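One structure is given below, encoded as structure tokens.
The values are calculated or read from the model by the stated rules, or taken from the named source; none is laboratory data. It should be emphasised that the depicted structure is a prediction, and the values quoted were computed from it without experimental measurement. Note: ideal-geometry Cβ built from the backbone for every residue, glycine included; neighbour counts use all protein chains shown.
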Amino acid sequence: MTMIVDLHVHTALASRCSNLKPLQLIERSRELGLDAVAVTEHSTYRGAEEMFRLALPYDFKIFRGMEVYTELGDMLVFGWSGEIRYYLYPFRELKRQVEEAGGVIIPAHPCRGTEVRHPLRRELPSELLEGIVALEVRNGACKKASNREAERLAERHGLFGTGGSDAHHVTHLGTCVTVFEDWLDGEADLIEALRSGRYRACYYEEIDGRPWPAMDMKHAGY
Ligand SMILES: [Zn+2]
Ligand SMILES: [Zn+2]
């Protein structure tokens, strides 16, 4: 049984740059046919924890993660809930801690733009390659060319590719997703699956050609 997951979402619970509210996330995810959403707030695990609890009575699955700023770019992290002690977390230190916790690291939007934190990458440093299981090759907040570049990088290095919307607003939820080949019950399954490569990254329209569902405007009111 396949599972459609948006693997990179920011909510208003803990990301000040996002105005995606918990109920909007649940309702819109259902409209889109998403089976789960991974909440990955900037530099904190708190939003993911809160969203996880809030979604329980709605029987909607939330995977908890976070997005950590490092000197090698932004990293999606699953299976680690450590405290962020640096604005730019040293990658080596992050890798050590995540490994100890049995988690995984996936560079987010590795080829986005030219900001300091997002150097346009034609090559991945070996230090980075040793610590990751996949690259985010479908990011809803990136230009298609950046995603293609990321995909080429992943292919060149034999890395798997994930997809996530990087939504900061309800209208962007689900624009990019990861389709897993197996049903994942919780984060332990998710981490195992991310290591196994039994998934593919998609733009929403690539899932199975389904049309983008119009949004019920009542969601805007929550
Ligand atoms: Zn980012
Ligand atoms: Zn993000």
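Just a yes or no: is a residue in region 194-214 under 23 Å from Gly103 (Cα atoms), outside any loop (DSSP other than H, G, I, E, B) and touching a helix residue (DSSP H, G or I) at 6+ places or on another chain (Cβ under 7 Å)? Yes, there is a match, as at least one residue in region 194-214 is under 23 Å from Gly103 (Cα atoms), outside any loop (DSSP other than H, G, I, E, B) and touching a helix residue (DSSP H, G or I) at 6+ places or on another chain (Cβ under 7 Å).
Within the option set Glu136, Glu181, being of a type in the set (D, E, K, R) and surrounded by fewer than 19 Cβ atoms within 10 Å (Cβ to Cβ) holds for one residue only, Glu181. When Ala145 is tested against (1) in a helix (DSSP H, G or I); (2) among the hydrophobic types (A, V, I, L, M, F, W, C); (3) within 16 Å of the chain's Cα centre (by Cα), just one condition goes unmet, and that condition is (3).
When Tyr199 is tested against (1) more than 24 Å from Arg28 (Cα to Cα); (2) at pLDDT 95 or above, only condition (1) is not met. For region 94-114, a tally of residues being at positive phi and among the charged types (D, E, K, R) returns 0.
Of the residues that sit in region 93-126 and are of a type in the set (Lys, Arg) and at pLDDT 95 or above, which one is surrounded by the most Cβ atoms within 10 Å (Cβ to Cβ)? Checked region 93-126; the qualifying residue surrounded by the most Cβ atoms within 10 Å (Cβ to Cβ) is Lys95.
Selection of region 46-91 for residues being closer than 30 Å to Met215 by Cβ, away from ligand 1 (no atom under 16 Å from the Cβ), outside any strand (DSSP E or B) and of a type outside the set (D, E, K, R) yields Met51, Phe52, Leu54, Ala55, Leu56, Pro57, Tyr58, Phe60. Output yes when any residue across region 70-83 is buried (at least 21 other Cβ atoms within 10 Å of the Cβ), charged (D, E, K, R) and within 22 Å of Leu13 (Cβ to Cβ), and no when none is. Within region 70-83 (the criterion being buried (at least 21 other Cβ atoms within 10 Å of the Cβ), charged (D, E, K, R) and within 22 Å of Leu13 (Cβ to Cβ)), the answer is yes, since at least one residue qualifies. A count restricted to region 176-205 and to residues that are among the polar types (S, T, N, Q) and free of Cβ contacts under 8 Å to residues at least 40 places away in the same chain stands at 1. Can you tell me how many residues within region 65-88 are closer than 24 Å to Val137 by Cβ, within 18 Å of the chain's Cα centre (by Cα) and more than 15 Å from ligand 2 (Cβ to nearest atom)? Of the residues in region 65-88, 3 are closer than 24 Å to Val137 by Cβ, within 18 Å of the chain's Cα centre (by Cα) and more than 15 Å from ligand 2 (Cβ to nearest atom). All of (1) within 16 Å of ligand 1 (Cβ to nearest atom); (2) surrounded by fewer than 13 Cβ atoms within 10 Å (Cβ to Cβ) hold for Ala145 with one exception: (1). Being touching a helix residue (DSSP H, G or I) at 6+ places or on another chain (Cβ under 6 Å), in contact (Cβ under 8 Å) with a residue 40 or more places away in the chain and not in a loop (DSSP other than H, G, I, E, B) is a condition met by no residue of region 4-13. For Glu136, the conditions (1) part of a loop (DSSP other than H, G, I, E, B); (2) among the charged types (D, E, K, R); (3) under 26 Å from Tyr204 (Cβ atoms) all hold with the exception of (1).
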